[in-house]
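Quick note: the coordinates plus some simple rules give every number you see, no bench work behind them. Since the model is a prediction, treat every value here as computed from it, not as a measurement. As a convention, Cβ positions derive from the backbone with ideal geometry for all residues, glycine included, and neighbour counts pool all protein chains shown.
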Amino acid sequence: MTNPVIVEVTRGSLVESQHRGALVAVDGDGKVVFSIGDIDAPTFPRSACKAMQALPLMESGAADAYGFGDKELALACSSHNGEDAHVALAAAMLARAGRGVETLECGAHWSSSQKVLIHQARTMDKPTALHNNCSGKHAGFICACCHRGIDPNGYVGYDHPLQAEIRGVMESLTGAVLGHDNCGTDGCSIPTYAVPLRGLAHGFAKMATGNGLEPLRAKASRRLFDACMAEPFYVAGTGRACTALMEAAPGRIFAKTGAEGVFCAAIPEQGIAIAVKCDDGHSRASEAMVAAALSRFFGKDDPIRASLAAMATIEMHNWNGIHVGDIRATAAPTA
């Protein structure tokens, strides 16, 4: 099926570009609350599923053994900007397990944030793996291995015990069968699995509600969500949509983006989770889509609804500061 246009980009009074996509909201029992487009097409969640991938860190007891608080747990679920505070905390997490940057297998890259990139270029010759947006997640992986006495060497590989455990976690949460046939390699070198958008949303709804989860996993899931909502800066950083969405509704919204136009979110108090995929992979569309979808779950007089609605329509200005158009969600996500 052809997915509908969910986001438009205007210039003046005309629509200049359009983004098609799919979106689904699911409750903890797996009931579809509303949907748009093909929600059963296999979708690589990419970094949107990092909270799922962090569950072994919690369930192994490593997080408690190393004394991790909200900031560390949020960073373990993050795609951060590589700001100084992110880098320092990732290094501190590794140090708790007696490890250093050399143990990371995520690779190194400059920040995708222009302001942070300029700061990095002024203060260092080149980035390290600690500056990788996934270094917090990988630090969590390494800590989970070290706490259990598992050699972290090669922890990014499909056959490593940690990745096998994560595969099982994601199968349990999403209901999808995962294996080589639907496996790709993520930007940080770990396996990533294509699952139906419906299953991805259901997995986050389970984490938000605990429905169908054994007590240990339910407790671990809620702890991760609470940490991310308490420390949204460490989930993404300055100027990022994940951080802004959670700051708009403190303690009420969990949000996590992924590459190629994927975005997942949850409203734990309502037991609802949302998964979005923009067909052309553009984050400007997925960010508007998820904000619009979240807004429908808050009352018309709730200031949170107004904040989210504002994020679903983003003004574009040229280099002279002139308002030239908007990125706006269509009526579909909020109808």
Original post:
Can you give the helix-only mean residue ellipticity at 222 nm for the chain, where every DSSP H stretch with n ≥ 4 adds -39500 (n - 2.57) and the sum goes over all residues, rounded to the nearest 500 deg cm²/dmol?
Top reply: -11500 deg cm²/dmol
Subject >> Helix 197-209 axis, angle to the chain major axis (alpha carbon atoms, nearest 10°) >> reply: 70
Original post:
How high is the relative contact order of the chain, given as a whole-number percent (alpha carbon pairs under 8 Å, six or more residues apart)?
Top reply: 24
Original post:
Per the chain: cysteines with no other Cys C-beta under 4.7 angstrom?
Top reply: 49, 77, 143, 145, 146, 183, 228, 242, 264, 278
**OP:** Taking the Cα centre of region 5-329 as origin, sum charge times position over the Cβ atoms of Lys and Arg (+1) and Asp and Glu (-1), and report the length of that vector in debye to the nearest 20.
**Re:** 320
Original post:
Quick one: helix 161-174 against the long Cα principal axis of the chain, what's the angle to the nearest 10°, folded into 0 to 90?
Top reply: 30
Original post:
Which trypsin sites (Lys or Arg not before Pro) in region 264-312 pass both tests, a DSSP loop state and at most 12 other beta-carbon atoms within 10 Å?
Top reply: 300
**OP:** Give me the net charge of residue 257's neighbourhood, meaning all other residues with Cβ under 15 Å from the Cβ of residue 257; Lys, Arg count +1, Asp, Glu -1.
**Re:** +3
Original post:
Can you give the net charge of the other residues whose Cβ lies under 13 Å from the Cβ of residue 108, counting K and R as +1 and D and E as -1?
Top reply: -2
Subject >> trypsin sites (Lys or Arg not before Pro) within region 1-98, DSSP loop, no more than 16 other Cβ atoms inside 10 Å >> reply: 31
Original post:
Around residue 38, with a cut-off of 11 angstrom between Cβ atoms, what is the net charge of the other residues, counting Lys and Arg +1 and Asp and Glu -1?
Top reply: +1
Subject >> Along principal axes, Cα extents of region 108-208, largest first, whole Å >> reply: 47, 34, 28
Subject >> Separation in nanometres of the label points that stand 7 Å from Cα toward Cβ, at residue 153 and residue 180 >> reply: 2.5
Subject >> 10 Å-binned pair-distance histogram of region 208-278 (Cα, whole percent) >> reply: 21, 50, 26, 2
**OP:** Show the residues, 5+ positions off or on another chain, whose built amide H is closer than 5 Å to the amide H of residue 195.
**Re:** 43, 44
Original post:
Given the convex hull of the Cα atoms of region 64-150, what is a quarter of its surface area in nm²?
Top reply: 5.3
